[in-house]
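The values are calculated or read from the model by the stated rules, or taken from the named source; none is laboratory data. Every value quoted in this text rests on a predicted model; they were computed, and no experiment measured them. Methodologically, a virtual Cβ is constructed for each residue, glycine included, from the backbone with ideal geometry; neighbour enumeration extends over all protein chains shown.
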Amino acid sequence: MIFALFVMVVALSAGVAVAMLARIDSGYLVIGWNGWVFEVGNLLVVLLLLSIGFLLAYWLLRGVSISVRGFSSWSRWRRRRRQNRGQRLFFRGLARFTEANWEDANKLLLDALKRQGEASDYSTPALLALAVAADQLGEKQNRDLYLARAAREDKQSELAVGLLRAEFLIGDGRDVEATSLLQRLQQLKPRHPQVLTLLLSLYKQLRRCNDLLQLLPLLRRQKLVTPEQAEELERCCYLQLLEDAPTLQEAWRSLPRKYEKDPELFVVYLKALVKDGQPERAAALLRRRLSPHADSRLLNLLVDLADKDPLEDLQRVEKLLTRNPDSAPLALTAARLAQKCDQPAQADHYYLRAIDQRADAEVLREYGELLLSQQKTTEAAQLLSRAAAQTAAAERQQALSLRAAESLFKPQFERTLSLTQTAV
């Protein structure tokens, strides 16, 4: 475009000059050569010289233009060659990254960045991979520098950089900072699965029950927890809130109605009342909740609270036993209350009933200790021996189960861990 404009200007100037010369008597030019004489008008000479000059200028500018374009093409070729080399280094570095060969990955990815330049499509993934490699090598300062550079060069990578930084903070034990960062990321992407999963883990670890309760509906909608898991998480949150509540009555009244009859929550509430100096109120609430099929945790707490009037509680439990004679927890509770009332015969009777229904190590040990206090050493030794054998068998079974679970899940866990390390 510029060249065409230049040609037009030159042609216009030449035309103007010729027109001006044509208006005056420009004379003529005599040329002699080898006996020949030529007379040529000066105007024709000027036109000839202008034509030659124009052609020379055109050829000169054309040559310069071709040279410039050639140099530009050569520069582009060199740039493409450099970028292709950088891409090859990037993919080689990524391969070392997936192999957890952090030192080689770090070296190759750095070389790739130098060759690709900041405008490369691979610069952000390379920087994130470099941050992971630096973290694995213990180079915390370099790790943070790579993350900061990735955030600076690619504004659209805010979520990826933030997630990686949050995981690094968690690994460094800075859970509170990681939680604040993830909350900001949730405002940016409210339904992002990884953000929600990390927040769930941190809320559980930091025991931030109110935050977790607010997060649960979103976790349900995104199907990041099963209905059973959500129910258990909600229940655990209310348990924790009840234990830590500054005002017990308000905390108990704030519970959803479906949890008001939950035995574990009720026991936590009663124990909190006792700790708050209200054992009489706790005992009264507990007695109103008793039934023939009462939970064993409620019955155990009844024994603990029956110091003031154990006989009345014993009679209450005996009435319940008439309605549910096969209940081992009720029989065991009656035996314990009979001991508190100093009624050894009744205690023997109810311990035997409990053993008939459920001869576990706890019942055998308690009854054996009672017989030992009554100087019935032979029978006591037999019961205590049975209790010890049951306890040892249970411990062996638990150890075997743990080893079996470890052998079953450890290979899969290692594969999952290796796959996790391959993520950029």
Exclusive hit being outside any loop (DSSP other than H, G, I, E, B), within 27 Å of ARG287 (Cα to Cα) and not charged (D, E, K, R), set ALA334, ALA381: ALA334
Please name all residue pairs, on different chains or six or more residues apart, with Cβ atoms under 7 Å, provided the first residue is in segment 204-216 and is surrounded by 14 or more Cβ atoms within 10 Å (Cβ to Cβ) and the second residue is modelled with pLDDT of 90 or more and among the β-branched types (Val, Ile, Thr). LEU206/THR179
Do any helices (runs of 4 or more DSSP H) entirely within segment 229-293 hold 2 or more residues that are more than 29 Å from LEU330 (Cβ to Cβ), and if so, which? 248-253
Within segment 208-254, work out how many residues are basic (Lys, Arg) and at pLDDT 90 or above. 4
From the list TYR350, TYR367, pick out the single residue that is aromatic (Phe, Trp, Tyr), in a helix (DSSP H, G or I) and either modelled with pLDDT of 90 or more or within 43 Å of the chain's Cα centre (by Cα) (or both). TYR350
Tally up the residues in segment 268-303 that are among the charged types (D, E, K, R) and under 44 Å from the mean Cα position of the chain (by Cα), please. 6
When the residues of segment 206-228 are narrowed to those that are basic (Lys, Arg) and in a helix (DSSP H, G or I), which ends up nearest to LEU270 (Cα to Cα)? ARG220
Quick one: count up the residues across segment 255-279 that are modelled with pLDDT under 85 and under 15 Å from ASP295 (Cα atoms). 3
Per the list (1) of a type in the set (Asp, Glu); (2) modelled with pLDDT of 75 or more; (3) at negative phi, residue check on GLU406 breaks on (2)
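Quick grid of which residues meet (1) within 18 Å of PRO292 (Cβ to Cβ); (2) surrounded by 15 or more Cβ atoms within 10 Å (Cβ to Cβ); (3) among the acidic types (Asp, Glu):
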site: ASP304; (1), (2), (3): no, yes, yes
site: GLN315; (1), (2), (3): yes, no, no
site: GLN339; (1), (2), (3): no, yes, no
site: VAL363; (1), (2), (3): no, yes, no
site: SER373; (1), (2), (3): no, no, no
